[in-house]
Amino acid sequence: MTVAPTPPQSVTVRAPAKVNLELRVGALRPDGYHDLATVFQAVSLYDEVSVARWDEWKVVPGGTYADRIPVDNGNLAVRAAKLVAEQWDIDDVLSIRIDKDIPVAGGMAGGSADAAAALVACDQLWGLGLDREELADLAAELGSDVPFPLAGGNAMGSGRGEQLAPVLARGTFHWVFAISDTGLSTPEVFRELDRLRSVGGADPADPARTAEVSSQLMAALRSGDARDLGQALHNDLEEAAFSLRPELRVLRDAGVEFGALGGVVSGSGPTVAFLTESHEASLDLSVSLAASDLCRDIRRAKGPVHGAHVVTGARPD
Ligand code: C5P
């Protein structure tokens, strides 16, 4: 007699933060989004999301940034779980625990990582057997940055940032992230970029036509050369983030002066990402930044790392 495997009572999934190595922003589209060309790298700061059946929808906050997790139904992990339940006609109600180690509203896609983790966790809990493409489609519905933490590694993002293509890379890169006290709103930073462009009379370049710069970045990734990658880091949103928070420019310049190979605002900020030569160099830079008093918190991480994956509660194959 064969015994049917017991379904998991709860599932825990871990998903990584991202840094944009390059972010080119096109014109504002009629739907309120901007066309992007970006290169993402997944880095070793993780949120863990655990789902279990419960008698009401509930978010249980935990981890380093527990006090900054929204516990209402607007939480992206709750929205992800509800989207799956709705599409597969599942009546279950879930308790969702989020252990947050990715800085909140920092431009590192922490909320998106939670949504990606919740999608993978619900797929396991409910035994849906969704493939990568189905998960990516659900992810894109939830937000422009949600598909990438599913995939991890390095990827080129286009469209709103949600259409991904893998990027070849060699080696491991060592990052230092300078975290600010208060977050920046992504829509506000995009609006500020539009405002600066309208004042300056600048015509946004078609992000798909920035091939020369991208090719420098791609070559650096292919060769694993951290110095070249440091030179190629670029973010069109950086000037908008600097305009809203002038102290971020001082922070970026200080990190480069302290020996970083390159520094760039991560996504819409306010986190500033610094690339360093080695693990030791990342420790040295952290010490210098801490002594400078220019940022609230400093985190080190390496990249690239894998995308969202089940930690406990995987179904037997
Ligand atoms: O897709 P997501 O909900 O994360 O986007 C949040 C906001 O960021 C959008 O409402 C829009 O204002 C801005 N955004 C944009 N262009 C993109 C991605 C986001 O203008 N490609």
- Query: Which one is surrounded by the most Cβ atoms within 10 Å (Cβ to Cβ) among residues in the stretch 110-135 that are farther than 16 Å from residue 51 by Cβ and more than 14 Å from the ligand (Cβ to nearest atom)?
  - Reply: 134
- Tally of residues being in contact (Cβ under 8 Å) with a residue 60 or more places away in the chain and within 12 Å of the ligand (Cβ to nearest atom) across the stretch 28-52: 7
- Query: Do we have residue 194 as away from the ligand (no atom under 15 Å from the Cβ), not polar (S, T, N, Q) and not assigned by TED's automatic domain parsing to the domain that holds residue 74 here?
  - Reply: no
- For the stretch 217-252, enumerate the residues that are acidic (Asp, Glu) and either within 22 Å of the chain's Cα centre (by Cα) or not assigned by TED's automatic domain parsing to the domain that holds residue 277 (or both). 236, 238, 239
- Residue check for residue 37: modelled with pLDDT under 95, under 28 Å from residue 197 (Cα atoms) and within 14 Å of the chain's Cα centre (by Cα): no
- If residue 15 satisfies every condition in (1) under 17 Å from residue 121 (Cα atoms); (2) at pLDDT 95 or above; (3) away from the ligand (no atom under 16 Å from the Cβ) but one, which is the exception? (3)
- Query: Which condition breaks for residue 89 when tested against (1) buried (at least 18 other Cβ atoms within 10 Å of the Cβ); (2) on the phi > 0 side of the Ramachandran plot?
  - Reply: (1)
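Okay, residues lined up against (1) in contact with an Asp or Glu (Cβ under 7 Å, 6 or more places away or on another chain); (2) among the aliphatic types (A, V, I, L, M); (3) in a strand (DSSP E or B); (4) closer than 18 Å to residue 311 by Cα:
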{"position": "73", "(1), (2), (3), (4)": "no, no, no, no"}
{"position": "97", "(1), (2), (3), (4)": "no, no, yes, yes"}
{"position": "123", "(1), (2), (3), (4)": "no, no, no, yes"}
{"position": "156", "(1), (2), (3), (4)": "no, yes, yes, no"}
{"position": "165", "(1), (2), (3), (4)": "no, yes, yes, no"}
- Take the stretch 288-317 and flag every residue that is surrounded by fewer than 13 Cβ atoms within 10 Å (Cβ to Cβ) and farther than 30 Å from residue 129 by Cβ. 291, 293, 296
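The values are calculated or read from the model by the stated rules, or taken from the named source; none is laboratory data. Nothing here was measured: the structure is a model prediction, and the numbers come from that model. Because the Cβ atoms are built from the backbone with ideal geometry, glycine has one as well, and the counts that use them run over all protein chains shown.
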